[in-house]
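The values are calculated or read from the model by the stated rules, or taken from the named source; none is laboratory data. None of the values given here were measured: they were computed from a predicted structure. Here the Cβ is made from the backbone with ideal geometry for all residues, glycine too, and neighbour counts use every protein chain on show. Heads up: the accessible areas ignore ligands, DNA and RNA and are worked out on the full protein's heavy atoms, side chains in. Shrake-Rupley method; radii C 1.70, N 1.55, O 1.52, S 1.80 Å.
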Amino acid sequence: MRLVLLGPPGSGKGTQAAALARHFNVPVISSGELLRGRAAGGGEESRHVAELLVRGELVPDELAVTVVNEALKGAGTDGYIIEGFPRTVAQAEHLDAPPIDAVVHLAVPDEVARDRIAGRSGHGRSDDARRDIVERRLRDYHSETEPLLDLYGRRGVLRSVDGGQTLEAVTAEILRALDAHRR
Ligand code: AP5
Ligand code: MG
């Protein structure tokens, strides 16, 4: 199972990736986690990445592509769940992987996304704490990432699910959508 999870900040990508990884027994490749790992290291590059993350700005495509493709090399052959990547059309073009089985879009209105992020702030993500930064992340999602929905829709791999339901209901809907997709 090779899956990509797409959705706005706060849509539940990380949460659903963990649930699906348990279900399919495959690893999660999270560009956000990988980049937060990079930011925590020492040196010039780490500082630069940390600054972008704090400001809620997308890192350059080249860096995002590099961290994800490196992780893919270590991912084994049973598949994986990629979440948070690709985030731009350019990143999609440089995903160094066999064809993805399905791209799951977690559809969540901005209002729900804001509420969820607000509910989580105080738990350590510096990009959650300021309203203007959350708004920038949402804006970037609409301008940079949403065009991917068209692209994957045309390729026939996109499945949209209602991400506004309970955690368990969203997981169940994803599994049903994947089932339908495979048939
Ligand atoms: P990233 O880590 O990907 O963050 P994000 O997209 O902003 O999304 P979040 O992690 O905030 O939300 P999520 O969708 O994972 O939802 P979650 O499961 O946590 O990226 C961070 C930064 O890294 C970016 O801003 C950028 O700077 C950089 N970056 C990352 N990838 C990049 C790339 N490819 N290119 C360039 N830059 C990149 O859920 C949110 C909250 O809601 C949690 O508290 C959760 O418990 C709760 N929740 C989840 N599901 C439900 C539910 N069904 N009902 C109720 N509550 C729920
Ligand atoms: Mg996340």
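Entry note, the chain: relative contact order of 32 percent, from Cα contacts under 8 Å with a spacing of 6+ residues. Here the chain is assigned +1 on the Cβ of each Lys and Arg and -1 on the Cβ of each Asp and Glu. Its dipole about the Cα centre then comes out at about 360 debye. For the chain, the Kirkwood hydrodynamic radius from C-alpha pairs, put into Stokes-Einstein at 10 °C and a viscosity of 1.306 mPa s, yields a diffusion coefficient of 95 µm² per second.
Taking the DSSP bridge list for the chain and keeping only pairs wholly inside it, about 0 percent are antiparallel. Charge tally around Ser126: other residues with Cβ under 11 Å, Lys/Arg +1 each, Asp/Glu -1 each, net +1. Taking a Cβ cut-off of under 13 Å around Leu58, the surrounding Lys, Arg, Asp and Glu residues balance to a net charge of -2, with basic ones at +1 and acidic ones at -1. Over the chain, what percent of the accessible surface lies on carbon and sulfur atoms, probe 1.4 Å? Heavy-atom surface of the chain belonging to carbon and sulfur, 1.4 Å probe: 50 percent. Between Ala180 and Asp78, the contour length at 0.36 nm per residue exceeds the Cα-Cα span by 34.7 nm.
For Ala90 paired with Glu45, estimate the spin-label separation in nm (one decimal), with each label point 7 Å from Cα along the Cα-to-Cβ line. With each label point 7 Å from Cα toward Cβ, the separation is 1.8 nm. Between Arg139 and Glu70, what FRET efficiency follows from the Cβ-Cβ distance if R0 is 30 Å, with the result rounded to 0.05? Here the calculated transfer efficiency is 0.55.
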